Structure formats: structure tokens, C-alpha cells
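Encoded as C-alpha cells, the structure appears first; notes follow it.
The values are calculated or read from the model by the stated rules, or taken from the named source; none is laboratory data. Quantities reported herein were computed from a predicted structural model and do not represent experimental measurements. Using ideal geometry, Cβ is built from the backbone for each residue, glycine included, and neighbour counts are taken over all protein chains shown. To get the accessible areas, we keep the full protein, side chains included, count just its heavy atoms, and leave off ligands, DNA and RNA. Shrake-Rupley method; radii C 1.70, N 1.55, O 1.52, S 1.80 Å.
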Amino acid sequence: MLIPEKVVSAINEQIGYEFSASLQYYAIGAHFATEALPQLSAHFFKQAEEEKDHALRFIKYVVDAGGRVVIPAIEAPQSTFQAAEGAVQLSLDQEVKVTRQINALVELARTENDYITINFLQWFLAEQLEEVSSMDNLLKIVQRAGDDLLKADEYLARVGVRSMPQTPAE
Ligand code: FEO
């Protein structure tokens, strides 16, 4: 096997976290669909697919490295929300938590002198920067809309979640 057993175990845990994030976003997407907010709903369904892709990237990595994939049990996500802001705040907290988890994986790989995994994790570090930033923007959008969530939904359709009119070098 190309990478240490300890790293494989930690990545298997991370696969669980990514699937868990995916389920949470499906639940939030369904919540907004129930509230007839199609853009907010679509945004979270898309995020759910992205989290599933993250889990699949880790699965492929373990297989490629010659390790054994063991997917842990996943807790049920939160499905009901008093307010949109609460659902988006939960999502932002989740992204911050995942960033800490990815940092911890890098730290473990460093301790184990596992440079292949350190290299593999670079993509996830860049992805977390993007995801925390866009979720933070979405929280601001929802907070500004207040009780009129149609405004947030309309804004998402027109502008999306970016914070700058044009992202340099994109
Ligand atoms: Fe896969 Fe948004 O963390």
C-alpha cells in the first residue's frame, strides 16, 4: 500500500463526514423546496451533489492507493428549520468544521511523511476556501432579505453567491 494505514482510517472517517454533509444539504434543499424557494433549494441540491463527489474522490483515492474503503455509519441530518438563516448558518458551521477536518488530515499526513496524501489534499484545501466563502455570502444574502425570502431567491437567480462582480483569473 502506498500510504500509511492510519491515513487510510482517517480518510475513511472523512468519507463519512462528506456523505453526512451531502445528506444535510439534501435535507436543506428539500426544506427550501417545501417552502417554494426554488433557487435556494437548487443551490443546496447542487451542494449536496458536490459533497457526494468529495466522498467519491476520497473513495477513489483509497482504492488507487491500495487501501480498503470502509464507509462509517452516517447520522440522520437535521430536516426541519425555524428560519432560513438557521439552515444556512448550520451549513456554514458545517463547512468550517470540514475545513478543520481537512487541515487535520494534512497534519496527520505530515506527521506520517505521507507526501502523496499531502499532495492529494491540496485540491480539498482550495475547495474549502471556496465553499466557506460562498456559504458565508449566502448567509449575508439571507440575512439581508430578512422575512422576504423571495428577495434572496430572486437575487440568487440573478447574481448567485459570489462576493465580487467578477472573480479574477476565473
Ligand atoms: Fe466536502 Fe464542503 O466539504
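Here is how the numbers come out for the structure above:
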quantity	calculated
Residue pairs meeting the criteria (Cβ under 9 Å; at least 6 apart or on separate chains; first charged (D, E, K, R), in the range 14-28; second more than 10 Å from the ligand (Cβ to nearest atom))	Glu18/Leu56
Among the residues listed as Glu112, Glu130, Glu85, the single one being open to solvent by 70 Å² or more (accessible area, probe 1.4 Å) and either in contact with a Ser or Thr (Cβ under 6 Å, 6 or more places away or on another chain) or over 18 Å from Tyr26 (Cα atoms) (or both)	Glu130
Scope the range 16-42; condition closer than 14 Å to Ile71 by Cβ and open to solvent by 10 Å² or more (accessible area, probe 1.4 Å); matching residues	Tyr17, Phe19, Ser20, Leu23
Every pair of residues 6+ apart whose Cβ atoms lie under 7 Å, when the first sits in the range 94-115 and is modelled with pLDDT of 95 or more while the second is within 8 Å of the ligand (Cβ to nearest atom) and hydroxyl-bearing (Ser, Thr, Tyr)	Val98/Tyr17; Gln101/Tyr17
Residue tally, condition closer than 14 Å to Leu56 by Cβ and either open to solvent by 50 Å² or more (accessible area, probe 1.4 Å) or in contact with a helix residue (DSSP H, G or I) (Cβ under 6 Å, 6 or more places away or on another chain) (or both), over the range 1-13	1
The lone exception for Ala55 - which of (1) at pLDDT 95 or above; (2) surrounded by fewer than 17 Cβ atoms within 10 Å (Cβ to Cβ) it fails	(2)
Subset of the range 1-49 (residues that are away from the ligand (no atom under 16 Å from the Cβ), closer than 28 Å to Ala109 by Cα and either of a type in the set (Val, Ile, Thr) or modelled with pLDDT of 95 or more (or both))	Ile3, Pro4, Glu5, Lys6, Val7, Val8, Ser9
